[in-house]
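I have placed the structure first, in the form of structure tokens, so that the comments after it can refer back to it.
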Amino acid sequence: MYDMNKIVSSSFIAMALGMLITGCKKDNYEKPTSILSGKVIYNKEAVGVRSNGVQLELWQHGFQLFTKIPVYVAQDGTFSASLFDGNYKLVRLPGNGPWVNNTDSIDITVNGGTTVEVPVQPYFIIKNATAGKSGTKVTATFSIERVNASQPLESATLYLGKTNIVDAVNNLKAASLSAGAIGDITAPVTINVDIPATLSGEPFFFARIGVKTAGVGELIYTQPIKIE
């Protein structure tokens, strides 16, 4: 007669060894070691965006699993991704970003450390931005330049935050002006915002200006301005 306990024990050991071997094989898979880094630019300057609000996509041909690799853009317009060496296509997603849609992909060859610039055409850009504290208010002055006339201006907003990550989602206080209140965008624009109690006792905090285009979800931003 067969000893069922021995049969079960042998089966369990074989199964455990199989799982261990499979796990070892997975652990031994090669990991990507090359870094693709870059920035989204207009007129050779990085474009300010909402932190992790804008996404690019990378696609690599020639593999059985053809899936996208999402790449999130930091608020200063930079991005990076760990990849295997090879040829990729970088795609600017339609409707994702404060710029005109561009469906042309960018061919990229990754070989070790690789850098790339991703050109975009914003609807508007912000120029000559300054911000400072006066009493219980922060005042920002800037100008708006129209780059593409296909969509009108909707508004401009001054945001305050405790850290340098500050935008429409990450802020402690904000004040906006509509396009109607701004009027002539060729003239300097000034926005005032009251400093909230959560920031009044801080040795420093940050301000940032965002401009929204009508019909476009994401704003274009200045870089954060330290307020002391």
Any hit, segment 132-139, residues being modelled with pLDDT under 95 and more than 29 Å from ARG92 (Cα to Cα): yes
Filter result (β-branched (Val, Ile, Thr) and over 18 Å from the mean Cα position of the chain (by Cα)) within segment 181-212: ILE182, ILE185, THR186, VAL189, THR190, ILE191, VAL193, ILE195, THR198
Index of the failed condition, GLN60 passing every other in (1) at pLDDT below 95; (2) surrounded by fewer than 18 Cβ atoms within 10 Å (Cβ to Cβ); (3) farther than 25 Å from GLY217 by Cα: (2)
Candidates VAL211, VAL216, VAL166 - the one that is buried (at least 18 other Cβ atoms within 10 Å of the Cβ), out of contact with any strand residue (DSSP E or B) (no Cβ under 7 Å at 6 or more places or on another chain) and closer than 30 Å to LEU93 by Cα: VAL216
So ALA207, is it part of a loop (DSSP other than H, G, I, E, B) and out of contact with any Lys or Arg (no Cβ under 7 Å at 6 or more places or on another chain): no
Pick from segment 177-193, criterion without any contact (Cβ under 8 Å) to a residue 40 or more places away in the chain and in a strand (DSSP E or B), ranking: surrounded by the fewest Cβ atoms within 10 Å (Cβ to Cβ): SER178
Counted residues, segment 166-176 - those being in a strand (DSSP E or B) and of a type in the set (Asp, Glu): 0
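The values are calculated or read from the model by the stated rules, or taken from the named source; none is laboratory data. The model shown is predicted, which means the values in this text are computed figures rather than measured ones. So basically every Cβ, Gly included, is an ideal-geometry build from the backbone, and we count neighbours across all protein chains shown.
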